[in-house]
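The values are calculated or read from the model by the stated rules, or taken from the named source; none is laboratory data. Not measured: the values here are computed from a predicted model. Glycine also receives a Cβ, built like all others from the backbone with ideal geometry; neighbour counts cover every protein chain displayed.
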Amino acid sequence: MTSPSGKPRLLMVPPDHYGIDYVINPWMEGNVGRADQLLAIEQWRTLRQKLSNLVEIVILDPSPGIPDMVFTANAGLVAKGIAVPSRFYYRERSPEEARFTPFFESQGFALHPLPGGFSFEGAGDALFDLTRPLLFAGYGFRTALESHPHLAASFDVEVVSLRLVDPRFYHLDTCFAPLPDGGLLWYRGAFDHRSNELIESLIPLGDRIEINEEEALQFVANMVIVRDRVFLSSCSGGLCERLSKRGLTVEVTELTEFIKAGGSARCLTLPLDQEVPVGGKANSTVAHRKLEATGHLLDTGALSHIIDSVKASGGSLALTTITPGDRKSDPSTALLDVTAPDNITLDTIISLLAPLGVSVPLTEEKDATLLSAPAMGVAPDLFYATTIYPTRVRLAGEWVAVKRQRMDGVIVIDDVPRVSLMRDLRKGDLVVCGGAGIRVETPHFVGGGSDEFSFMRSEVSSERRVAGAVEQVAWEMRRAKERGGKIVVVTGPVVVHTGGVPPLCRLVREGYISALLGGNAIAVHDVEMAIYGTSLGVKMKTGKPAPHGHRNHLSAINTIRREGSLTAAVEGGVLRSGLMHELIRKQIPFSLAGSIRDDGPLPETEMDLVAAQADYTRLLKGADIILAFATMLHAIGVGNMTPAGVKFFAIDINPAVVTKLADRGSLESVGIVTDTGLFLDLLATRLCGEGEK
Ligand code: NAD
């Protein structure tokens, strides 16, 4: 469809009422009231003048109080005699709808209004490929992903959903311009990884003009193209050359006053006579799934965590119903409508939501998807990553519990499903992939119970709560010991400097410690203290440096290496005190995992890290309580290996370490921010009474 003159028509609205009156994008920030209206009118007229040689400009009168009406590209998407009017994301722009929709009607376009309440900002977020029957549609800031299938159906075209991730490029037409010969000019940094991969798969390398950030920020992609002429607000020499190589003539027209509001040439025009290249059929890869969330969704902040996870993964979410539990301790249930740009992303989102208590409703659940490991130690791309929580998978209609639960593994189907580390996969192993057929039992704990150990779950405690924390940890340890439970200590060398060794030794002697995990340093520093009375060359009694003390830790290592092992040093009477001595004497197993920092190492330090991890796993098996003292490395390593249900206390002076443990999914860990020596002293006194200091 063209005008009677045979020229294609472009809709423009004069900037009589234009101005920057509010802030709805980063460009407007600091620019409120700063657009020079007379200059804007002059710039707009110049653009109109230049374009009118090639197209027919259709003018719609502006309205006072609707300043952004000049950006007609956002009025709707018009092609093939059909108009899908926009539904603006921001309230500030919604009055424009009542002006543009009647205009489309008056021009004889068949209206295809959007269903539901989803936003869509017209040609600003929807650009036709100029040679293939494709419609590139943006989402992420203004347009909802949910609107894309409607565009596919309305224009009988395949929609390619592209996610915008940089708020400065909030509409697709600010960073993406299909060219008349099937090429594309685009700024990669405005899109997520999946979208860039999609663009590259659709448009051959030789046809892509990638612009840099500086060019993108000058709005070069926001160009109007009529036949072989390109109108834009600025163009570097290199870019002009690249465009002219594709047979395009560039006309630069200044639009500074509109760029202040985040728009340029293309934003000021709406094509009314676009033809969609023939041969396509309606198609959109956008996928939906109804999901159910159960848990303490509101009071624990779980719901906002769920919403954030969906958004961060490139999906969108609508909350359809929420049913609160009858009592405070009852979980709530919410029904969610999750939308993703394709099935793969949807599956990934579902698998990420599983640990947050979100799953496909049981009635709609399918068997888990199993794919073969493509090579030894390599999982299929869509593998489901495990958490610390008890998990079941659906196999042939039956829900089967997964064995050997731990986080950061994959689920392999042998006789029974079990967690495997990626490196242990054999080629052809069947690995659970995607999010279907997986149930994760997350804890439904609520805060505030006075007699329940819930006061610090995943939270960092302040100094004044340390005494209370010691009390609680001691209580748990006493109960564990009474029922023959297993208490594993993980520790860094700081315990030695801070005077934590004597209380730890008392706990060993009194039978409170079943195994000890650490690195080379805890043993080195402990032996140095036992033999020389120093820790890193500093006298433990006085806190003063010992003469030539810096070599003490090396001498300590040398002594043990000469004896052959820590055990031999104890048996030979060379090592007569300290933590390692106490452990060996009481035959308490320990494991020392090597690291790149290690001096020596001591003979018992396992420098093969895969073997060290296996040894840690062996000693952690069946643990009821884990106490991690002042070691980021070993505490996080152990956190990853530990299933839910094990009480995990991380004692560290740095709040970041304990929150990091919680962030990594060890949601049941309790962080206690305090000096480890002080804590151990209080703990040993509580459990073993006053003793030698
Ligand atoms: P790390 O960074 O894992 O942990 C040190 C932790 O101690 C930090 O989180 C810190 O916040 C905390 N901390 C410091 N002072 C504290 C205090 N007073 N109270 C409570 N927490 C306190 O480092 P790491 O465990 O010390 O060592 C990492 C690796 O390097 C280990 O494997 C270790 O064996 C090795 N290492 C070897 C040698 C050696 O061989 N000579 C020396 C040092 C470390």
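Laid out as a table, the results:
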{"read-out": "First in region 656-682 and at pLDDT 90 or above, second anywhere and within 11 Å of the ligand (Cβ to nearest atom) and part of a helix (DSSP H, G or I), Cβ under 7 Å, 6 or more apart", "value": "Thr676/Val494; Thr676/Val495; Gly677/Val495; Leu680/Val495"}
{"read-out": "Count - residues of region 584-596 that are in contact with a strand residue (DSSP E or B) (Cβ under 9 Å, 6 or more places away or on another chain), within 16 Å of the ligand (Cβ to nearest atom) and either farther than 22 Å from Gln405 by Cβ or part of a helix (DSSP H, G or I) (or both)", "value": "4"}
{"read-out": "Given (1) closer than 25 Å to His525 by Cα; (2) crowded, with 19+ Cβ neighbours inside 10 Å, number of the condition Asn654 does not satisfy", "value": "(2)"}
{"read-out": "Tally, over region 541-554, of residues that are modelled with pLDDT of 85 or more, surrounded by 15 or more Cβ atoms within 10 Å (Cβ to Cβ) and more than 44 Å from the chain's Cα centre (by Cα)", "value": "1"}
{"read-out": "Failed item, numbered, when Val610 is tested on (1) within 16 Å of the ligand (Cβ to nearest atom); (2) under 26 Å from Glu528 (Cα atoms); (3) modelled with pLDDT of 90 or more", "value": "(2)"}
{"read-out": "Checking Asp526 against (1) farther than 23 Å from Glu690 by Cα; (2) within 15 Å of the ligand (Cβ to nearest atom), the condition it does not meet", "value": "(1)"}
{"read-out": "Long-range neighbours under 7 Å by Cβ, at least six apart or interchain, first residue of a type in the set (D, E, K, R) within region 52-67, second part of a strand (DSSP E or B)", "value": "Glu56/Arg9"}
{"read-out": "Answer from Asp624, Asp615 - the residue that is within 16 Å of the ligand (Cβ to nearest atom) and at pLDDT 90 or above", "value": "Asp615"}
{"read-out": "Lone qualifier among Ala385, Ala396, Ala375, Ala401 - being touching a residue at least 40 places away in the same chain (Cβ under 8 Å) and among the small types (Gly, Ala, Ser)", "value": "Ala375"}
{"read-out": "Residue list for region 169-219, restricted to those being free of Cβ contacts under 8 Å to residues at least 12 places away in the same chain, charged (D, E, K, R) and either over 29 Å from Gly315 (Cβ atoms) or in contact with a Gly (Cβ under 6 Å, 6 or more places away or on another chain) (or both)", "value": "Glu214"}
{"read-out": "Candidates Ala35, Ala98 - the one that is in a loop (DSSP other than H, G, I, E, B) and out of contact with any strand residue (DSSP E or B) (no Cβ under 6 Å at 6 or more places or on another chain)", "value": "Ala35"}
{"read-out": "Pairs, first at negative phi in region 524-549, second acidic (Asp, Glu), C-beta under 7 Å, six or more apart", "value": "Val524/Asp599; Thr534/Glu528; Ser535/Glu528"}
{"read-out": "For Thr659: the one exception among (1) closer than 15 Å to Thr491 by Cα; (2) within 14 Å of the ligand (Cβ to nearest atom); (3) of a type outside the set (Phe, Trp, Tyr)", "value": "(1)"}
{"read-out": "Evaluation of Thr249 against (1) surrounded by fewer than 19 Cβ atoms within 10 Å (Cβ to Cβ); (2) modelled with pLDDT of 95 or more; (3) under 38 Å from the mean Cα position of the chain (by Cα); (4) more than 30 Å from Tyr22 (Cα to Cα) (one fails), failing number", "value": "(3)"}
{"read-out": "Qualifying position, being more than 26 Å from Thr386 (Cα to Cα), within 10 Å of the ligand (Cβ to nearest atom) and not in a strand (DSSP E or B), among Asp599, Asp681", "value": "Asp599"}
{"read-out": "Meets criteria (over 28 Å from Val276 (Cα atoms) and touching a Lys or Arg at 6+ places or on another chain (Cβ under 8 Å)) for Ile57", "value": "no"}
{"read-out": "Pair list, Cβ < 6 Å and 6+ apart or interchain, from region 106-124 residues that are buried (at least 17 other Cβ atoms within 10 Å of the Cβ) to residues that are among the charged types (D, E, K, R) and in a loop (DSSP other than H, G, I, E, B)", "value": "Glu121/Arg142"}
{"read-out": "Residue match in region 545-561 (condition: within 21 Å of Ser591 (Cβ to Cβ), part of a helix (DSSP H, G or I) and more than 11 Å from the ligand (Cβ to nearest atom))", "value": "yes"}
{"read-out": "Criterion: modelled with pLDDT under 95, within 11 Å of the ligand (Cβ to nearest atom) and of a type in the set (A, V, I, L, M) - qualifying residue of Met641, Met632", "value": "Met632"}
{"read-out": "Residues being part of a strand (DSSP E or B), among the hydrophobic types (A, V, I, L, M, F, W, C) and in contact (Cβ under 8 Å) with a residue 40 or more places away in the chain - total across region 220-234", "value": "4"}
{"read-out": "Exclusive hit being buried (at least 20 other Cβ atoms within 10 Å of the Cβ), acidic (Asp, Glu) and over 17 Å from Leu272 (Cβ atoms), set Asp36, Asp16, Asp21, Asp68", "value": "Asp68"}
